[in-house]
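Below is one structure, written out as structure tokens; the observations come after it.
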Amino acid sequence: MPGTVWQTVESVKKFAAIEAGGTKFVCGVGSGPDDLVTTVIPTTSPDETMTRCLAFFRTQGALAAIGIGSFGPVDLNPASPTWGHITTTPKAGWQYTDLAGAFSQALGIPVGFDTDVNAAALAEVRWGAARGLENCVYLTVGTGIGGGAVVNGQLVHGLIHPEMGHIRIPHDFAADPFTGNCPFHGDCLEGLAAGPAMQARWGAKAAELPPDHPAWKLEARYLALAVANFVFTLSPQRVILGGGVMQQTHLFPLIHTELTAMLNQYLQAPQILSGMHEYVVPPGLGGRSGLLGALALAHEALR
Ligand code: ADP
Ligand code: ZN
């Protein structure tokens, strides 16, 4: 039989994917990074948003499974009656919305469900900047700060799921009098370093602050402190920093310098001692990590 090609199940079937965010739902259909049709639906009410997503998926032919990476908090406990729901979100109208069950039932296909940032970490391990690694951390620095982690090849869940944006980091009020704007914790990492915190502290949008503004050295310090904590606790083989604020690529060398000084040669790994520029990196999949992660969750659901 000439030219027999063995293909993985992922490459012969079409899957649905949703990156569910507070401002938009990005929907995709395809099999992988080189085969993905997408559409963007604004996040309005749960009913309207989900109806519009379903209308898109129904134009796409047979779908094998769906994966959803969602804003949170979400319920990831398979034994819970509210598994697959968004839970206590401050987003009006979305408290205790069943996402996974609703899409799975409406389309009659299996569903994979996780946080948006865990999904992004999974995609980066499968296709992106952490390809081939068993341990990585993905941090997004945008409207909020969130983190996903792959440890020993598995996404980290736990009691609920990690909320890496809300860790406490040293805050020198003499150097930075801004009290922080997390509604729950004030000056947690998100309260000090997410995009809205930068805007509140400096009186201008992060995107409008020039590269030589002191905002960036402070931002790099906070992010390096956070990364140091994740390096010490989870021992990732690579750390990926994405999200709107990280569009400022001059942050990377600043973070590398701060982090190198903080770790202070304690961790004797070449990746840290001489390869920092390849250790803390932007997403290999650019802005598509979340959606492709949802696609990877769909693959997992079928398995
Ligand atoms: P979201 O977190 O809502 O999914 P983003 O990751 O784009 O979306 O994050 C939005 C935040 O990132 C805003 O606070 C915005 O000010 C900031 N941001 C977006 N683009 C840039 C940029 N090019 N430079 C600096 N900050 C940016
Ligand atoms: Zn917080």
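The values are calculated or read from the model by the stated rules, or taken from the named source; none is laboratory data. Not measured: the values here are computed from a predicted model. Quick reminder, even Gly has a Cβ in these numbers, built from the backbone with ideal geometry, and neighbours come from all protein chains shown. Just so you know, the surface numbers come from the protein's heavy atoms only, side chains and all, with ligands and any DNA or RNA stripped out. Shrake-Rupley method; radii C 1.70, N 1.55, O 1.52, S 1.80 Å.
If you take the alpha carbon atoms of the chain and fit the smallest convex hull around them, that volume is 153 Å³ per residue. Identify all lysines with a Cα-Cα distance to LYS13 below 28 Å; exclude those on the same chain that are fewer than 8 residues away in sequence. Partners within reach: LYS24. The largest accessible area among VAL40, VAL117, VAL151 belongs to the first residue in VAL40, VAL151, VAL117, and the rest follow in falling order (1.4 Å probe, all chains).
If we count every other residue with Cβ under 9 angstrom of ALA294's Cβ, Lys/Arg +1 and Asp/Glu -1, where does the sum land? Overall, the nearby charge balance is -3. Label 7 Å along Cα→Cβ of HIS277; the stretch 240-270 residues with amide nitrogen under 11 Å? Within reach of a label on HIS277, which here means backbone N under 11 Å from a point 7 Å along Cα→Cβ, the stretch 240-270 contributes 253.
What is the sum of charges around ARG221, taking Lys and Arg as +1, Asp and Glu as -1, for the other residues whose C-beta is under 12 Å from the C-beta of ARG221? Don't skip to the end; give the middle numbers.
Details: positive: LYS217; negative: ASP172, ASP176, GLU219, GLU258.
With Lys, Arg at +1 and Asp, Glu at -1, the net is -3.
Sorted from longest to shortest, the spans of the Cα atoms of the stretch 120-163 along the three principal axes equal 28, 25, 11 Å. Estimated at 0.36 nm per residue, the fully extended path between ASP35 and HIS157 surpasses their Cα-Cα distance by 41.0 nm. Loop-located chymotrypsin sites (Phe, Trp or Tyr not before Pro) in the stretch 112-184 (DSSP state not H, G, I, E or B) with no more than 15 neighbouring Cβ atoms inside 10 Å: PHE173, PHE184.
Separation of the stretch 214-263 from the stretch 16-32 is 28 Å, based on Cα centroids. Each residue of the stretch 190-277 gets 90 Å³ once the volume of the Cα convex hull is shared out per residue.
Expressed as a whole number of Å, what is the distance separating the alpha-carbon centroids of the stretch 110-167 and the stretch 269-295? Computed from Cα coordinates, the inter-centre distance equals 12 Å. 3J(HN,Hα) along the stretch 110-124, derived from phi through the Karplus expression 6.51 cos²θ - 1.76 cosθ + 1.60 where θ = phi - 60°, amounts to x, 10, x, 9, 7, 6, 4, 7, 5, 4, 4, 4, 4, 5, 5 Hz, with x in place of Gly and Pro. Looking at the stretch 203-236, the trypsin sites (Lys or Arg not before Pro) that sit in a DSSP loop and have at most 13 other Cβ atoms within 10 Å of their own Cβ are LYS205.
The simple spin-label model puts a point 7 Å past each Cα toward its Cβ; for LYS24 and LYS205 those points are separated by 1.4 nm. The phi-based Karplus calculation (6.51 cos²θ - 1.76 cosθ + 1.60; θ = phi - 60°) puts the 3J(HN,Hα) values of the stretch 66-72 at 10, x, 10, x, 10, 5, x Hz, whole numbers, x for Gly and Pro. Could you check the simple spin-label distance between ALA106 and THR233, using points 7 Å along Cα→Cβ, in nm with one decimal? Result: 3.5 nm between the two label points. Give me the tail of P(r) for the stretch 99-216 as a percent: Cα-Cα pairs with distance above 23 Å. Of the Cα pairs, 47 percent sit more than 23 Å apart.
A straight Cα-to-Cα reach below 17 Å connects LYS205 with the lysines LYS217, residues fewer than 8 places away in its own chain not being considered. Computed from the Cα positions only, the extents of the stretch 74-156 along the three principal axes stand at 36, 31, 22 Å, in decreasing order.
In a fully extended conformation the segment linking GLN268 and SER80 would gain 63.5 nm over its present Cα-Cα distance, using 0.36 nm per residue.
When every alpha-carbon pair in the stretch 1-124 is counted, what percent end up more than 16 Å apart?
Values: 4701 of 7626 pairs.
Tail of the P(r) past 16 Å holds 62 percent of the pairs.
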